[in-house]
Amino acid sequence: METTKTAIHFTDNYLLNPTNPISVNLIGAGGTGSKVLTALMEMNHSLITLGHAGLQIRLWDDDIITEANLGRQRFAPSEIGLYKSVALINRVNRFMGTNWKAETQKFERTALGGFPENAQSTIYITCVDNVKARFGVAEILKELSDRRHHRDEPKYWLDFGNSQHTGQVILSTIGTVKQPNSEKYETVASLPMVTDEFGELLKQSEQADDTPSCSLAEALEKQDLYINATLAQMGCSLLWSLFRNGMTENRGFFLNLKNFQTHPLKVA
């Protein structure tokens, strides 16, 4: 009787033993992004302690902190009026002695159609609140994938998305990642982008009202208090497993926080 092999994606070798910190573009500094940054801070310190080169983060967001952001997002009253990206990066750098960078702009094409400066990195993490932004990032990543000549060669895209009580985190490869020969596993070199696999679903789920909330109470009608934090912890755990285990049989998950159900998305 023939046994079916488990489908596995092996982590790109460069992530496991890099000569320099792994460059990460974190796009979005709101409810999810602000908490993902904290998780990346913990991950960076842990990796360095284990002898790894760690992470070099660049946080992108053009939003200004308002009173409505307090409580659900990781900001203090004293930070109202500051750029979200600047406030968060300054805090992490003071806390951990890192030299991470903030960009006070959106991660999108320039007026002339070019890439934003510093667009190149090894890992991209999106915590954006609209579908158009996701498709814009996907378009840039596909083009960057065709220009592989840089030390910070694009390898992975980790996308976070949510509604009020539900959300998902999906890991994609940018192009293909060379896999080792394996008799035990069925190796998978390419993980589809969220915009390719779930593009139509994303468009259908787009909320008509994407205007900024004027209060925390209004914001909680759109996204419940702990959906962002739960996604951030679970999603960063998936990224952590790529570094620590060197492989994964899951490429994401779907979460319903209202009924506490989680469904893994298997590598296939």
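The values are calculated or read from the model by the stated rules, or taken from the named source; none is laboratory data. This one's a predicted model, so the numbers in the text were calculated from it and none came from an experiment. As a convention, Cβ positions derive from the backbone with ideal geometry for all residues, glycine included, and neighbour counts pool all protein chains shown. Please note that ligands, DNA and RNA were not included when accessible areas were found on the heavy atoms of the full protein model with its side chains. Shrake-Rupley method; radii C 1.70, N 1.55, O 1.52, S 1.80 Å.
The stretch between TRP240 and ALA189 holds 16.5 nm of extra length on full extension. This uses 0.36 nm per residue minus the Cα-Cα distance.
When only the Cβ of Lys, Arg, Asp and Glu is charged (+1, +1, -1, -1), the dipole of the stretch 1-100 relative to its Cα centre reaches about 180 debye. Considering only Cα-Cα distances, which of the following residue pairs are longer than 27 Å: LYS5/LYS258; LYS101/LYS203; LYS84/LYS222; LYS5/LYS35; LYS101/LYS258? Distance filter (> 27 Å) returns LYS5/LYS258; LYS101/LYS203; LYS5/LYS35; LYS101/LYS258.
Shape annotation for the stretch 74-172: C-alpha extents along the principal axes are 43, 35, 28 Å, from largest to smallest. Size descriptor for the stretch 1-149, Kirkwood hydrodynamic radius: 16.9 Å (Cα pairs only, one decimal). Rounded if a/c is under 1.5, else prolate if a/b beats b/c, else oblate: with a ≥ b ≥ c from the C-alpha gyration tensor eigenvalues square-rooted, which is the chain? Prolate. For the chain, the longest principal axis of the C-alpha atoms and the axis of helix 33-49 are separated by about 50°. Positive-end ranking of TYR14, ALA111, PHE254 along the dipole of the chain, with charges on Cβ about the Cα centre, is headed by TYR14. What longest region of the chain stays clear of GluC sites (Glu not before Pro) that DSSP places outside H, G, I, E and B and that have at most 15 other Cβ atoms within 10 Å? Longest gap between qualifying sites, sites excluded: 3-116.
If the segment from SER46 to ALA268 were pulled out straight at 0.36 nm per residue, it would be longer than the present Cα-Cα gap by 76.9 nm.
Dipole of the chain (Lys/Arg Cβ +1, Asp/Glu Cβ -1, origin at the Cα centre): which of VAL24, PHE135, SER145 lies farthest to the positive side? Of the options given, the answer is VAL24. Each Lys and Arg Cβ is given +1 and each Asp and Glu Cβ -1; about its Cα centre, the chain then shows a dipole of about 680 debye. When the Cα positions of THR66, ALA102, GLY81 are compared along the charge dipole of the stretch 33-103, ALA102 comes out farthest toward the positive end, with charges on each C-beta of Lys, Arg, Asp and Glu. Mean-square fluctuations from a GNM of the chain, with a 10 angstrom spring cutoff on Cα atoms, peak among THR173, THR248, THR49 at THR49. Taking the 1.4 Å solvent-accessible surface of the chain as the whole, the part contributed by carbon and sulfur is 50%. Average accessible surface for the stretch 12-143: 44 Å² per residue, computed with a 1.4 Å probe over protein heavy atoms with every protein chain in place. Per-residue extension of 0.36 nm, minus the Cα-Cα distance of MET247 and TYR14, leaves a gain of 82.6 nm for this segment.
Taken over the C-alpha atoms, the stretch 1-60 has Rg and Dmax values of 15.7, 52 angstrom.
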